[in-house]
Each structure stands twice: as structure tokens, then as C-alpha cells.
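Notes to accompany the following structure.
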Amino acid sequence: MEANNVEAMREALRAALDLIFDMQNADRSPLSHQAYAVRRKIKAALARPLRECDVGTAKEQSERMAEFCKRQYAKVNDGSHICSKCRLHKLIKTECPFAWAQKPYTANKGGAE
């Protein structure tokens, strides 16, 4: 995966979290209320799932979306229009690429469904 802004930010947050723990261990004293608050915010941010748009290059994202659409085509057996069977079609009031980009990312081919 090519690092993008989101990955760079996540790496920076991990480094900041490590620094807070190192400072606590070096001083052997409890963290201040502010440090605890920052640590909680960092942990919460890192716990949030990546979205499709957060991972890979534009080309990789485009390929994953094409795979997602290909799987939707496979579900159409009754001659109806592909988009009417796609779960994104029912959820959105915008163009598919934007809705797809906000879906949670998984390492599985095509992302989460």
C-alpha cells in the first residue's frame, strides 16, 4: 500500500501515543489529566476503521471499486438494471464512487460489503 495522507497521520498518532507512554514510564509518575485526554483521543482516532478512500493510490482504489461493481453484476439474474440491485444504489443520493469511497475498507479483495 502506498502511504497517503491518512496513513501518514495514523503513523504520526502512533508515534505520539508511544511518546506519551515513554514519558510516563520515564517519569514513573501518573500522566496529567491533559495527557490522559490526549491519549484517549489518539486511541479513539486510531480505532476508527479505514475507509476505501483512505487506502492505496487512485489507481488501486479504482480497481477495487471495479471489483465491487463486478460482484454486484454477478448478483443480477433477472435482467434488471445492475444499479437497482446494488446496495449502494439504495443507500445513496449521490454518485456511486463517492459512496463507495466512504465504505469501510478491509484487506479483502474489493473491500467490505
Inset, instruction - Mind listing whichever residues of region 47-85 are hydrophobic (A, V, I, L, M, F, W, C) and at pLDDT 75 or above? - result: A47, L50, C53, V55, A58, M65, A66, F68, C69
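Looking only at region 44-53, decide whether some residue is free of Cβ contacts under 8 Å to residues at least 40 places away in the same chain, over 13 Å from the mean Cα position of the chain (by Cα) and farther than 30 Å from C86 by Cβ.
Yes, region 44-53 contains at least one residue that is free of Cβ contacts under 8 Å to residues at least 40 places away in the same chain, over 13 Å from the mean Cα position of the chain (by Cα) and farther than 30 Å from C86 by Cβ.
The values are calculated or read from the model by the stated rules, or taken from the named source; none is laboratory data. This one's a predicted model, so the numbers in the text were calculated from it and none came from an experiment. Heads up, the Cβs are rebuilt from the backbone with ideal geometry, glycines too, and the neighbour counts pull from every protein chain shown.
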